[in-house]
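The values are calculated or read from the model by the stated rules, or taken from the named source; none is laboratory data. These numbers come from a predicted model, not from an experiment. All Cβ positions, glycine included, derive from the backbone under ideal geometry; neighbour counts span all protein chains shown.
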Amino acid sequence: MQPILSAGVDEAGRGPLVGSVFAAAVILPADYHLPGLTDSKKLSEKKRDILAEQIKQQALAWAVASASVAEIHELNILHATMLAMKRAVAALSLTPSKVWIDGNRVPENLGIAAEAVVKGDSKIMEISAASVLAKTARDAEMYALDKRYPQYGFAQHKGYGTAKHLAALQQFGVLPEHRQDFAPVRALLAQGRLFE
C-alpha cells in the first residue's frame, strides 16, 4: 500500500511593492519533528536560514516556484500567487495525494485534492516548512536586488512599503522590478518618475 503523502504549500511576498511572489511546496516524512519549526513570520532570519537547510535535507520532496513582476501585473497579485503555488506543487518530485494550502483559497485546476487552512502555517508542519522555504527564497531575491540597487535598502525592508522604501522611490524613481499596479508605484509612474 502506498503511503499517503501530504504536501504543505505557502507563499511569500504578496504585500511588497517589488519583486516576484514566491511559493513553496513540501512533503515531509511521517512522524517528522523539527524543533522550532513554525510560521516563518515568527522566526528570526537566522533561524529561518538554518531551518530551510534542514528542511531541504530531510524532506521527502520540496520545490520553490515564483510568479514574476510581469505576471503579477498581467494577472493581479492574487492570481499570480495561485500560479506560483501551482508551479511549486507541479515541481515536486513526488506527487502528493493531498495538498494543504495556507490561507482561505485553493488554486484552481490543481489536479490534486486540496484544502485551504487559515493560519495553516502555525497549525500544519508541512505548511510551516513551506512558509520557511518560500520566505528564504523571496529574501534571497531581495538581497540580489539590493546588490544591484543599494540605494533602495531592499536588504532591510525586503520590498515592503516602509517609509525608507517610499522615500527611496520618491528620490530615485520606479525600477523595472517594481510592481506597477501597486498604489505607491502607480502614483509615481503617473508622474513619470522612472529610475534613471
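Annotations for the structure displayed:
- So residue 103, is it over 13 Å from residue 7 (Cβ atoms), within 15 Å of the chain's Cα centre (by Cα), of a type in the set (Gly, Ala, Ser) and surrounded by fewer than 21 Cβ atoms within 10 Å (Cβ to Cβ): yes
- Number of the condition not met by residue 72 [criteria: (1) within 24 Å of residue 123 (Cβ to Cβ); (2) in contact (Cβ under 8 Å) with a residue 12 or more places away in the chain; (3) out of contact with any Pro (no Cβ under 9 Å at 6 or more places or on another chain)]: (1)
- Sole exception among (1) within 16 Å of the chain's Cα centre (by Cα); (2) outside any helix (DSSP H, G or I); (3) under 14 Å from residue 135 (Cβ atoms) for residue 37, by number: (1)
- Test for residue 4: is it at pLDDT below 95, outside any helix (DSSP H, G or I) and of a type in the set (A, V, I, L, M, F, W, C): yes
- Single residue of 145, 110 found to be under 19 Å from residue 22 (Cβ atoms), modelled with pLDDT under 95 and surrounded by fewer than 21 Cβ atoms within 10 Å (Cβ to Cβ): 110
- Residue count for region 3-17 under the criterion of being out of contact with any His (no Cβ under 9 Å at 6 or more places or on another chain), surrounded by 13 or more Cβ atoms within 10 Å (Cβ to Cβ) and not aliphatic (A, V, I, L, M): the result is 6.
- Residue match in region 27-48 (condition: touching a Leu at 6+ places or on another chain (Cβ under 7 Å) and acidic (Asp, Glu)): no
- Filtered residues of region 60-83 (kept if hydroxyl-bearing (Ser, Thr, Tyr) and not in a strand (DSSP E or B)): 68, 81
- If you go through region 90-127 and pick out every residue that is without any contact (Cβ under 8 Å) to a residue 40 or more places away in the chain, farther than 17 Å from residue 29 by Cα and among the polar types (S, T, N, Q), you end up with 2.
Results for (1) in a helix (DSSP H, G or I); (2) among the charged types (D, E, K, R); (3) touching a helix residue (DSSP H, G or I) at 6+ places or on another chain (Cβ under 9 Å), shown as yes or no for each residue.
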| position | (1), (2), (3) |
| --- | --- |
| 121 | yes, yes, yes |
| 133 | yes, no, yes |
| 137 | yes, no, yes |
| 140 | yes, no, no |
| 147 | yes, yes, yes |
| 155 | yes, no, yes |
| 180 | no, no, yes |
| 186 | yes, yes, no |
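- Residue in region 153-178 that is modelled with the lowest pLDDT, counting only those that are in contact with an Asp or Glu (Cβ under 7 Å, 6 or more places away or on another chain) and on the phi > 0 side of the Ramachandran plot: 173
- Some residue of region 117-127 being of a type in the set (Asp, Glu), farther than 12 Å from residue 22 by Cα and touching an Asp or Glu at 6+ places or on another chain (Cβ under 7 Å): yes
- Restricting 20, 40, 44 to residues that are modelled with pLDDT under 95, of a type in the set (Ser, Thr, Tyr) and buried (at least 19 other Cβ atoms within 10 Å of the Cβ) narrows the list to 40.
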